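Asker: Dropping the structure in here first, questions after.
The values are calculated or read from the model by the stated rules, or taken from the named source; none is laboratory data. Keep in mind that this is a model prediction, so the values were computed, not measured. Positions of Cβ are backbone-derived with ideal geometry, glycine not excepted, and every protein chain shown enters the neighbour counts. Side chains are part of the model used for accessible areas, which takes the heavy atoms of the whole protein and leaves out ligands, DNA and RNA. Shrake-Rupley method; radii C 1.70, N 1.55, O 1.52, S 1.80 Å.
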Amino acid sequence: MHTLQKWILLLTVAGDVLHAVSAIAAESAGVPATIVAPRDASLHVASPDWRDQIIYFAMIDRFDNGDRRNDDQGTGEYDPADGAKFSGGDLAGLARRIAYIHDLGATAVWITPPVANRWWDARSHYGGYHGYWAENFVEVDRHFGSLADYRNLSRQLHAAGMFLIQDIVLNHTANYFSYGDKWKIDNPAQDYIPNPDGSGRRAPTQSPFDRNDPRDPAQGAVPIYHWTPSIKDFNSRQQELNWQLADLDDLNTENSAVRNALRASYAYWMEQVGVDAFRVDTAFYVPLDFLRDFLYSKDPQSPGILRVAERLGQNGFHVFGEGFGVERAYDDRITKKIELYQRGSAARPPAMPGMLNFPLYGAMTDVFARGHPTAELAYRIRRMMSEHQRPALMPSFVDNHDVDRFLAGGSEAGLRQALLMIMTLPGIPAIYYGTEQGFRDQRAAMFATGFGAGGRDHFDTSAPLYRYLQRVVALRRDNRLLSRGVPSVLQSSATGPGVLAYTMRQENNVALVAINSADHEVLMDNLDTGLAAGTRLHGVFGIDTPPADIDIDRSRRFHVKLPARATYVWLYAEARVAPRAAPAPLVLDALPAESPRENLPVHGLAIGAKNVQLVIDGDLGSAQSVRPDADGRWRIDLDTQGLSDATVEHRLVAWSPQTSSASVSRRFRVNRHWTTLIDVDDPANDDHGPQGQYAYPTDPGWREHHQLDLRGVRVSAAGRSLKIELRLREVLALWNAPNGFDHVAFTVFVQRPGSTSGVRTMPLQHADVPGELRWDLRIRAGGWVNALFSADGASATQEGSVIVPAAELHVDAASGTVSFTLPATALGESASWSGARIYVTTWDYDGGYRGLAPDAQSATFGGGDGAKDPLYMDDSAVIVVP
């Protein structure tokens, strides 16, 4: 059909000139011509209030296989046994599981990009099953089904009162070219290296993205791409915006042809499928002005997508971006960068209406999985509210497809707490598929024949985490103040696991959330909610059972014992009670000004109490007791040998179980010195595997630095704490990982003094520890993860049981050292670390120990068989602590 005829037909059917003109522009940008009305009642529904939604995030290929006829496209790209290849999940599978998702409590489904992808990249030895390697932005990938399948999914979701979120990519296409070491910015044809796919295709099939060869003067003259190599310095904003991320071809979003084509491409999915929101991948890697153009452009031929949404009756169309980055404790660099994308004004709208809340994710992982002080999470909550204009529109999450599963390094108890937190704070909770089934593998399949599924389906609506999520989702949806309220942190622990308490307030409605992140009972004391005496707080939620109601007495403060890993929610009740008198005061006298080296003298007054417990940092399990004399006076020398960090301020409270009264808190520090117990050198340049045959990945980050070369181990002690300091050839931080280093992961095995109950196998590393060593504790740490495991349940395929807190991690790049400090609790029943044995290995970790193949690849070690050969590059001798 002639273009003019299409225009006339569109105009006649739609009655909308803008729609007709947009269709012509779309056709010129490689977008199929559409003959549909601007609004289809079965596809285009009114936008919801996104603050009240619950998102379920599903990776299409790994969720469910509804049509096996599209699994294998015959190019070697399909193999459910290989995590790098397609497994068979599709849009039909998603559609048939809507009831499963709906019954969980989710109201929106976010899917990975359904667009046509490059199926296999021989250079990286990986496939595009995930959807982020587009070769055509306006075609459904044949593995996922057809346009009709996608429309069917949309219609079924809308019929269930749910909404559809499509993941989109604006920064790049698949990897069809790269550059060698001789690349020059002023000569993009030099050292240009084509990377054709299995069928010989050298470029995307969609115009103008098919023009990707600068060696052709016509293509080089109007660059659709940035002719650049992969990013080498992630601290460089110029490289972040204009160089290739992981060798993916970086689109020149300054080019109007690229802008027009991207707007038209994604308007196509809105019009044809009725998508209700977009999640924008790699938002940090595209300029702010382009994102504003993408949303708000007034171009009549290719308008911004929010203008398209308005025409379709979706005035609340949501767009949220990915700003990948996890901050260190009390750092706001990523928070501020995220807000640059979200902050708007009357004169300058936001580049993104929302952004994924990565800083909150990072703090929750550190606190609930690794045992960091809850004060770090309290700080993050406060900064979230002070820095962000619209925190309620920021999706929050506990894990996703780009990070480790929470359960890969955390406990189920910690996961339950993290899930409760995202349901009781501002933000749009997003649940990653499989979390409700207790998944530990990052991208395992839910369906029986998919990768990592273990030969069975995982759609069990009776699973404990599925049932738990139903409860916490219902709690949020039944109490709107949990999605609309403003949080205020009341109490947290600055020294480690323990109390985190905050209120959510909306007008006269109040909810109190109290979490104990420790594996022991803690005291939440002197809590002041600001509520009047006589107020009753009604216990409505607990992980096991709801807590008892709380009546505020005349002191307006109260004290509650929280069991290990307890999570409680109270709601303000309208009914008032006659306020009780406050119990007799408990006095804790001022502490000595000088920090103690050994014991801390403490004294005070307790009237009517038979026993006084001295509680340090809320830890009731380690509280030391004293009996008052006949006059109520008491005195004790507190043992502080379990406290080692002189930089940390501890909190001490006197507590009377009989009268349920607590003193005011007092603060103190310890004055502890570290003593070196043993220092062992390791040979230089022996980082070549157990038999000396391994090679580093070919990416320059590994090849040029050899940072897996262990140079020595120093072991020190302070009180009952142990520090293991690793010396390396070099400490790199090329990827800005939150732990302060990358391109290496350490596995440290520790046998307690005199222990014979440990194990010899090195989980997931295809090896045993050497000699007679039997490990009790195992540290696994990389740039993004730091986990501590006991040997309980450990095997060749199981890492053991998670221990919280994890070892404290410290990096000194200048001296080339990474150190791990084990707390006194890790010692067990022994009096000291004398006789302990330590063994250290280096490798790398990315959702699992990095791959090993016969030949090294860009991100894969070479020289062995990754299915059976040992996975370590360098290792120490077995070190015996004297």
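Asker: Relative contact order of the chain: what whole-number percent is it, with Cα pairs under 8 angstrom and at least 6 residues apart?
Answerer: It rounds to 8 percent for the chain.
Asker: Find the centroid of the Cα atoms in the range 357-379 and in the range 685-705, then give the distance between the two in whole Å.
Answerer: Their Cα centres are 34 Å away from one another.
Asker: On a 1.4 Å probe surface of the protein chains, which of Asp812, Asp742 comes out largest in accessible area, and what is the full order?
Answerer: Greatest to least solvent exposure: Asp812, Asp742.
Asker: Going toward the positive end of the dipole of the range 422-553, with +1 on Lys and Arg Cβ and -1 on Asp and Glu Cβ, which of Asn516, Pro426, Leu490 do you reach last?
Answerer: Selected residue: Pro426.
Asker: Net charge near Ile165: determine it from the other residues with C-beta under 14 Å of the C-beta of Ile165, scoring Lys and Arg +1 and Asp and Glu -1.
Answerer: Charge balance in the 14 Å sphere: -3.
Asker: Could you pull out which residues in the range 702-716 have an amide N less than 13 Å from a spot 7 Å beyond the Cα of Glu730, following the Cα-Cβ vector?
Answerer: Output list for this probe position: 702-709.
Asker: How large is the helix-only mean residue ellipticity at 222 nm for the chain, computed as the sum of -39500 (n - 2.57) over DSSP H runs with n ≥ 4, divided by its residue count, in deg cm²/dmol to the nearest 500?
Answerer: -5500 deg cm²/dmol
Asker: In whole angstrom, and with the biggest value first, how far do the Cα coordinates of the range 63-136 range along each principal axis?
Answerer: Result, largest extent first: 42, 21, 21 Å.
Asker: Explain nothing, just the number: relative contact order of the range 471-587, from Cα pairs under 8 Å at least 6 residues apart, as a whole percent.
Answerer: So the answer I get is 24 percent.
Asker: Here is a further query. Ordered by packing density, taken as the mean number of other Cβ atoms within 10 Å over each peptide's residues, highest first, how do 260-266, 876-882 rank?
Answerer: Output ranking for 260-266, 876-882: 260-266, 876-882.
Asker: Just order 355-367, 413-425, 591-603 by mean Cβ neighbour count inside 10 Å, highest at the front, would you?
Answerer: Per-residue Cβ counts within 10 Å, averaged per peptide and sorted highest first, yield 355-367, 413-425, 591-603.
Asker: Longer than 31 Å from Cα to Cα, which of Lys184/Lys868; Lys232/Lys336; Lys85/Lys868 are they? Say none if no pair is.
Answerer: Checking Cα-Cα distances, Lys184/Lys868 exceed 31 Å.
Asker: What is the list of residues in the range 259-273 whose amide nitrogen lies under 16 Å from a point 7 angstrom out from the Cα of Val222, following Cα to Cβ?
Answerer: Taking a point 7 Å out along Cα→Cβ of Val222, the residues of the range 259-273 whose backbone N falls under 16 Å are 259-262.
Asker: For the chain, what are the DSSP H helices with axial Cα length of 24 Å or more and mean Kyte-Doolittle hydropathy of at least -1.0?
Answerer: Sorted by number, the helices that extend far enough and score high enough are 256-273.
Asker: Can you tell me the convex hull volume per residue for the range 97-160, based on C-alpha atoms, in Å³ to the nearest whole number?
Answerer: 96 Å³
Asker: Still on this structure: Which whole-number value in Å² is the accessible area per residue of the chain, probe 1.4 Å?
Answerer: 37 Å²
Asker: Something else: Rounded to the nearest Å, what's the spacing between the alpha carbon centres of the range 497-567 and the range 227-250? Just the number, please.
Answerer: The range 497-567 and the range 227-250 have Cα centres spaced 48 Å from each other.
Asker: On to the next question. Find the percent of Cα-Cα distances in the range 425-495 that exceed 20 Å, and round it to a whole number.
Answerer: The answer is 49 percent, as a whole percent.
Asker: Using a Förster radius of 25 Å, what is the FRET efficiency between Gln691 and Glu772 based on their Cβ-Cβ separation? Nearest 0.05, please.
Answerer: Once rounded, the FRET efficiency stands at 0.70.
Asker: Tell me, what % of the accessible area of the chain is carbon and sulfur with a 1.4 angstrom probe?
Answerer: Ligands and nucleic acids excluded, carbon and sulfur give 49 percent.
Asker: Which far-off residues, 5 or more places away or on another chain, put their amide H under 5 Å from the one on Gln491, with H placed in the peptide plane?
Answerer: HN-HN under 5 Å from Gln491: Ala501.
Asker: Then there's this: Would the range 565-666 count as rounded, prolate or oblate if I go by the C-alpha gyration tensor, calling it rounded below 1.5 in a/c and otherwise prolate when a/b exceeds b/c, oblate otherwise?
Answerer: Oblate is the answer for the range 565-666, as a/c is 1.5 or above yet b/c matches or exceeds a/b.
Asker: Stretched out fully, how many nm does the piece from Ala189 to His538 gain, at 0.36 nm a residue minus the Cα gap?
Answerer: Length difference between fully extended and current span is 118.6 nm.
Asker: Once you place label points 7 Å from the Cα toward the Cβ at Asp792 and Arg201, how far apart are they in nm?
Answerer: According to this spin-label approximation, the distance is 5.2 nm.
Asker: Another question, then. Once the convex hull of the C-alpha atoms of the chain is built, how many Å³ does it hold per residue, rounded to a whole number?
Answerer: About 170 Å³ per residue, rounded to a whole number.
Asker: What's the center-to-center distance, using Cα atoms, between the range 734-753 and the range 404-463 in Å?
Answerer: If we compute the Cα centre of each part, the gap is 25 Å.
Asker: Stretched out fully, how many nm does the piece from Arg237 to Lys298 gain, at 0.36 nm a residue minus the Cα gap?
Answerer: 19.1 nm
Asker: To continue, here is another question. Tell me whether the range 724-815 comes out rounded, prolate or oblate; compute the Cα gyration tensor, take square roots of the eigenvalues as a ≥ b ≥ c, and use a/c under 1.5 as the rounded threshold.
Answerer: The shape class here is prolate.
Asker: Another one. Which peptide among 472-483, 561-572 comes first, and what is the full order, when sorted by highest mean count of other Cβ atoms within 10 Å?
Answerer: Descending mean neighbour count gives 561-572, 472-483.
Asker: In nm, to one decimal, how far is the modelled label at Ala81 from the one at Asp846, with both set 7 Å along Cα→Cβ?
Answerer: Result for the modelled spin labels: 2.4 nm.
Asker: Here's something else I'd like to know. If you take the C-alpha gyration tensor of the range 598-652, multiply each eigenvalue by 5 and take the square root, what semi-axes do you get, largest first, in whole Å?
Answerer: 23, 11, 9
Asker: Evaluate the distance, in nm, between pseudo-label points positioned 7 Å from the Cα of Ala99 and of Asn599 along their respective Cα→Cβ axes.
Answerer: Computed distance between label sites Ala99 and Asn599 equals 6.8 nm.
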